[in-house]
């Protein structure tokens with residue numbers, strides 16, 4: 001209201017000058033300034049009296065590119081506002097207010113990047129056309145948080161004919177069928193022999209190792225590896241990414257691969273800073289918590305501590321830099337895979353979320369493209 005007070009004071013000075021110097025021509029602008037200032041202040045005050053801005057609560061989590069429903073409700077005061085604007089952090093631009101302004105605003109907001117968003121309350125600005133009187137009314141919605149989850153894209157196999165262009169013909173086409181359902185899924189070998197141990201009462205006879213019993217005379221049974229060890233392991237490498245966009249692409253690829261593999265028998269996910277992977281079963285019961293953690297992954301200074309123990313399943317190394325550790329293939333009996341936003345020199349077996357997946361050779365490098373010699 002400082003401008004209105006200043007205009008009213010200026011009008012009073014003009015009226016005083018007109019009365020002092022007996023100048024009738026100063027009465028008109030002086031009275032006009034006082035009337036305009038007092039009228040603007042009174043109108044804005046009546047328009048702000050009882051006015052309120054309410055934002056309906058929305059979901060606490062949303063995936064990238066999915067619509068977030070923004071619902072705003074404006075409650076008018078005693079008089080309609082002479083002018084102003086409605087502002088909210090989720091709106092791209094403020095909405096102008098005036099006669100005939102909508103009482104409800106319904107907008108679908110989309111977020112292009114993952115992460116935590118702090119949703120501050122909006123504000124209702126009421127002012128006169130000359131902007132002499134201004135009132136700001138804060139929204140009634142409390143400060144809230146929204147977690148934007150990484151997008152889950154389909155895993156698309158690359159056919160031999162489309163390998164050069166990166167096009168795919170579906171997740172079960174050509175060589176991609178063996179990659180996505182065989183070696184990558186790791187579902188062919190659910191349990192592998194891991195040695196012998198003393199017989200435990202109640203063990204099925206099919207588990208008894210009869211040749212060892214004949215040699216030693218002691219009841220021995222087969223010890224089998226756990227299902228979690230034979231499931232494919234997705235490792236997210238967020239060490240020194242070249243850009244935030246490259247890291248986001250790697251996170252989307254890791255999330256997409258986890259859902260793809262979990263639905264086909266289960267997998268495990270190793271995130272930066274974790275010592276042990278998180279197991280994801282086919283029912284995806286543990287996926288919401290893992291999905292939320294993926295949304296908060298940031299750049300780190302060290303690579304994930306891949307277990308030295310030999311795994312029966314495949315290891316899929318998802319890296320924003322396109323580099324995989326040399327011992328990756330030796331640690332994975334089911335084979336090693338590199339998934340990265342960079343094209344690299346490897347032969348692409350599949351694409352996911354803008355990244356390409358290639359099988360690693362014994363040297364720890366991606367297998368060369370057909371017709372190209374492997375580089376040292």
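For this structure, a couple of remarks:
- Cα gyration tensor category, rounded, prolate or oblate, for the range 1-145 with a/c compared to 1.5: prolate
- When each of the peptides 289-295, 28-34, 38-44 is scored by how many other beta carbons lie within 10 Å of its residues on average, the order from highest to lowest is 38-44, 289-295, 28-34.
- Inter-centroid distance (Cα atoms) of the range 1-36 relative to the range 74-139, Å: 34
- Whole-number percent relative contact order across the range 2-48, with pairs defined as alpha carbons under 8 Å at least 6 apart: 44
- Model label sites at residue 130 and residue 95, defined 7 Å from Cα along the beta-carbon direction, differ in position by 3.0 nm.
- Figure legend: label point modelled 7 angstrom from the Cα of residue 113 along Cα→Cβ; residues of the range 244-263 with amide N under 18 Å from it are 244-253.
- Cβ crowding within 10 Å averaged over residues, with 74-86, 140-152, 273-285, 207-219 ranked highest first: 74-86, 140-152, 273-285, 207-219
- Per-peptide average of other Cβ atoms within 10 Å, ordering 8-16, 264-272 highest first: 264-272, 8-16
Bear in mind these aren't lab numbers, they're just calculated from the coordinates by the rules spelled out. Model, not experiment: these values are computed from the prediction. Glycine gets a Cβ as well: all are built from the backbone with ideal geometry, and neighbour counts include every protein chain shown.
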